[in-house]
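The values are calculated or read from the model by the stated rules, or taken from the named source; none is laboratory data. Quantities reported herein were computed from a predicted structural model and do not represent experimental measurements. Cβ placement follows ideal geometry from the backbone for every residue including glycine, while neighbour counts extend to all protein chains displayed. Remember, those area values only see protein heavy atoms, side chains included, never the ligands or the DNA or RNA. Shrake-Rupley method; radii C 1.70, N 1.55, O 1.52, S 1.80 Å.
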Amino acid sequence: MMGDRIVVVVGALIAFLLQVLLAPHIAIGFGFPNFMVAFCLAIAVARQDLTGPVLTFLMGLLYDLISGGPVGGMAFSLTLAGAVASSTFRRANNDTSFMAIAVLVGSVLLAELVYGLLFLLFGYAIGFGEALVYRVLPCFIYDLVIALAFYFLLTRLLGQNTPTSSEIRQL
């Protein structure tokens, strides 16, 4: 169990370093990858017992501090998306790769949509359609590809810890 937590901490540090060092250089238009979102959501699906609101909130807050966006925006959207992803995958009681991919697609889209809406609410001067086409969708595609890579790597390193039917009924 301690080794699993070390993998999570090292993975979070790697995601942070990739976000700072690599992400600004591989942007396409207004879309750029968010390695921190991808890692947090991948770990939320791969191992629900290792994640909680603390990891997602801290990674989101770090992203807010280095990105120049509204502080708390990504922390909120990533915490919300991580909780939804973890809960959905746990309650589905289906540990197939298809279900993991479906949950990752939904949670990454949720995180990007909520973050885009928060930008609009905080007065970012762009229309909803433009924000959706030029910011949310390109970032969603980037984040999804990276999250899938993180997910399959993490399941290889950590294995899956899916709950049994009786554990789900207790929730």
Problem - the chain, accessible surface, carbon-and-sulfur percent (1.4 angstrom probe) - result: 72 percent
Handout entry: Loop-located chymotrypsin sites (Phe, Trp or Tyr not before Pro) in region 64-136, at most 14 other Cβ atoms within 10 Å (DSSP)
Key = 122, 124
Problem - Rounded to the nearest 20 debye, dipole of the chain from Cβ charges on Lys, Arg, Asp, Glu - result: 220 debye
Exercise for the section: Note the angle between two axes, namely the Cα long axis of helix 53-67 and the longest principal axis of the Cα atoms of the chain, as a number of degrees from 0 to 90, rounded to the nearest 10. Expected result: 20 degrees
Handout entry: Rg over Rh, two decimals, the chain (C-alpha only, Kirkwood Rh)
Key = 0.97
Handout entry: Projected area averaged over orientations for region 54-127, convex hull of C-alpha atoms, nm²
Key = 5.4 nm²
Handout entry: With 10 Å bins from 0: P(r) over region 1-72, alpha-carbon pairs, percent
Key = 19, 51, 25, 5, 0
Problem - Helix-only mean residue ellipticity at 222 nm for the chain, each DSSP H run of n ≥ 4 adding -39500 (n - 2.57), per residue, nearest 500 - result: -24000 deg cm²/dmol
